[in-house]
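Rule-based calculations on the coordinates, nothing more; no lab input. Everything quoted here is computed from the prediction, not taken from an experiment. Backbone-built Cβ (ideal geometry, glycine too); neighbour counts: all protein chains shown.
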Amino acid sequence: MKSWCFLSRLSVFSCLALLVGCTWRSQAPAPGSQIVGGAAFHAYVSSRSQSASELDSVYVPWVAVLPFHDDSGFRQGVFELPNDIPRMLGGALEEGQICRVVPAEVVEELVAGRGHSWAETHLSVLGDSLQVDHIISGVVLDYNFKRLHLGDPLIGGYKSWEGIAEVAVALHSGGGFDRLNTSTARHESRNRGVGLDLLGKPREGDLHFVRLEEMEHGGPEFLETALGEATRLTIQQITTELLPVLQPRQLVGLDRVPTVLSVSGDDLFIDIGIEQGVQPGYRFAVEGVPGDASPIVEVEDVISANVSRVVALRGGELIRAGQALRHIEANRVDPQGR
């Protein structure tokens, strides 16, 4: 029996930071050092520096999905689960239109050859290098595709194919990329097909079973299998639980108009913070400034209950202490598509 079977679900969560998404412990650069990336990484960094988001729009956070730790015991040589599962999750997150996901090949290139356990201090190095707001790490706890048979296959009998997928993920956010949220999903899917086996003649389900290694993980043919269905449902549940956390939220507990607290050169502060639910990346328009284009500031650091440091994205020379702020909010998107 796999070692994780002896852990309670609570202990899985308590160990998650050590087991998942942390592959740099032995070979990672020291905290604060730079990661030397390859061609994919440099192309990504160049594209980030050349693209400018719409300043008047809500900031859309960047997310990196790390290769997962595979503790499933799934047979070797069929899929690359540490990369395949994160790729499916990243695609599903992007479809939700709440966040932007770093291309999988970029992340895989940076962590290649570094194992599957690293300290959270290395998450900060990785997050800074990729210029992301959130990092998702995970463990494939169970992954199985098995054939069940009722009756003598040489005479006639029913077959069914059972797929099992169980994945646990952790969302790391903030300046130190501390763990913000955890989610575990498990789904089992059974596909019996139609009719009897006659004289042992293979049916479509049998072909799926023996040809699994020829399929593209996440592809149309794979998703038609019981394992593909279980994987899809697992990814769907995790995505549904993560998207509301990733989505920029409305300010809370605010019974006044927020204002610019102080201006000292390039150092700008506003009078709202933790108590109002402010998060890095939130954007505000500065009101009461002549002209059509209001100055725009973005939260860089939430300092205390009622203080945040911001940077000017536009019109910094026009910003003065006491000016009113208007929160640039996101369009609310329902993960279920309602």
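The table below lists the values:
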{"quantity": "Among GLY273, GLY288, ALA321 the positive-end extreme of the charge dipole of the range 260-328 (Cβ point charges)", "calculated": "GLY288"}
{"quantity": "³J(HN,Hα) computed for each position of the range 96-103 - Karplus, 6.51 cos²θ - 1.76 cosθ + 1.60, integer Hz, glycine/proline x", "calculated": "x, 6, 9, 9, 10, 10, 4, x"}
{"quantity": "Long-range HN-HN contacts of TYR59 with modeled amide H, under 5 Å", "calculated": "ARG283"}
{"quantity": "Neighbour-count order for VAL289, VAL60, fewest beta carbons within 10 angstrom listed first", "calculated": "VAL289, VAL60"}
{"quantity": "Within the range 260-328: Cβ-based charge dipole about Cα centre, in debye rounded to nearest 20 (Lys, Arg +1; Asp, Glu -1)", "calculated": "140"}
{"quantity": "Cα-based shape type of the range 260-328, given that a ≥ b ≥ c are square roots of the gyration tensor eigenvalues and the cut on a/c is 1.5", "calculated": "prolate"}
{"quantity": "Amide H contacts under 5 Å for GLU287, placed H, 5+ residues apart", "calculated": "ALA324, LEU325, ARG326"}
{"quantity": "Sparse-neighbourhood loop sites, trypsin sites (Lys or Arg not before Pro) in the range 286-333 - DSSP loop, at most 14 other Cβ within 10 angstrom", "calculated": "ARG320, ARG332"}
